[in-house]
Amino acid sequence: MSTIRRQKNKLKLMFAAASIVLIRRTAYVLALASLPFAFSSGGNAIYANPESAEFSDMHGHWAEEPILEAVSEGIISGYDDGTFRPDRSVSRAEFINMLLAGLHIPLAASSSEHSSQEASFQSLRDVGIVDENDFSADELDQELQRAEMIRLALRTMDPEAGQEQTAKQREQAVDAGLIDEAGDTLKGTQAATRAEAVVVLQRLKRIVLAKTMDSVGS
């Protein structure tokens, strides 16, 4: 069996499992939506109601709704000073962790053999989302470029995607619904922000879930 085929099979299994978790998580969050209190996990705030997650720098921000949604799901959190810093650049490691949490991808590497950051990186490599030509584990603390963010998102949907030039990847991302055609420039060397990363991830989750549900129904 070819490497691409193995990666596709891994992705199919991952998406099937992720969809079940997403459906259960959605039902759970909806059931808690009327509760006014917040829960905590691992020291990070996870709010039962997205409206209760208040950040001093988020009111009126263009990505406020998907960010609060992601916070409520425990995918990402704000800072101790009560800010979210949506326009701050996001690192490759941060986006990898967001993909793991958002798609419920299990760690494939033992933390006893690798650092937590390296284990997360290896997990995405094992399922074909991160390619050996993307970046190395030593480069995870660097800023994530917007073109890299789109490429990883496209490859999450199809291991063979994300091989074209940046302009073609942008077209694919627009067609898939990951980014908006009118408001996106996708400069390859421009760093992605925390807000942009969250919006792309939340859209990616919905696309993955829809594809999986369609395949189950067919």
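The values are calculated or read from the model by the stated rules, or taken from the named source; none is laboratory data. Because the structure is a prediction, the values reported are computed rather than measured. Positions of Cβ are generated from backbone atoms using ideal geometry, with glycine treated the same way; all protein chains shown enter the neighbour counts. Accessible surface is based on the protein model in full, side chains and every heavy atom, while ligands, DNA and RNA are left aside. Shrake-Rupley method; radii C 1.70, N 1.55, O 1.52, S 1.80 Å.
Overview of values
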| item | result |
| --- | --- |
| Where Asp175 falls short, out of the listed (1) modelled with pLDDT under 80; (2) assigned to a helix (DSSP H, G or I) | (1) |
| Any chance Leu140 is at pLDDT 90 or above, buried (at least 17 other Cβ atoms within 10 Å of the Cβ) and in contact with a Phe, Trp or Tyr (Cβ under 8 Å, 6 or more places away or on another chain) | yes |
| Check on Phe84, surrounded by 16 or more Cβ atoms within 10 Å (Cβ to Cβ) and at pLDDT below 95 | no |
| Restricting segment 110-134 to residues that are among the polar types (S, T, N, Q), open to solvent by 30 Å² or more (accessible area, probe 1.4 Å) and outside any loop (DSSP other than H, G, I, E, B), the residue that is modelled with the lowest pLDDT | Ser116 |
| Candidate set: segment 143-160, residues that are part of a helix (DSSP H, G or I) and of a type outside the set (D, E, K, R); chosen: the one most open to solvent (accessible area, probe 1.4 Å) | Met157 |
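A quick yes/no check of all residues on (1) of a type in the set (A, V, I, L, M); (2) under 17 Å from the mean Cα position of the chain (by Cα); (3) at pLDDT below 90:
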position: Ser136; (1), (2), (3): no, no, yes
position: Arg146; (1), (2), (3): no, yes, no
position: Ala153; (1), (2), (3): yes, yes, no
position: Thr166; (1), (2), (3): no, no, yes
position: Gln169; (1), (2), (3): no, no, yes
position: Ala182; (1), (2), (3): yes, no, yes
position: Thr185; (1), (2), (3): no, no, yes
position: Ala191; (1), (2), (3): yes, yes, no
position: Lys205; (1), (2), (3): no, yes, no
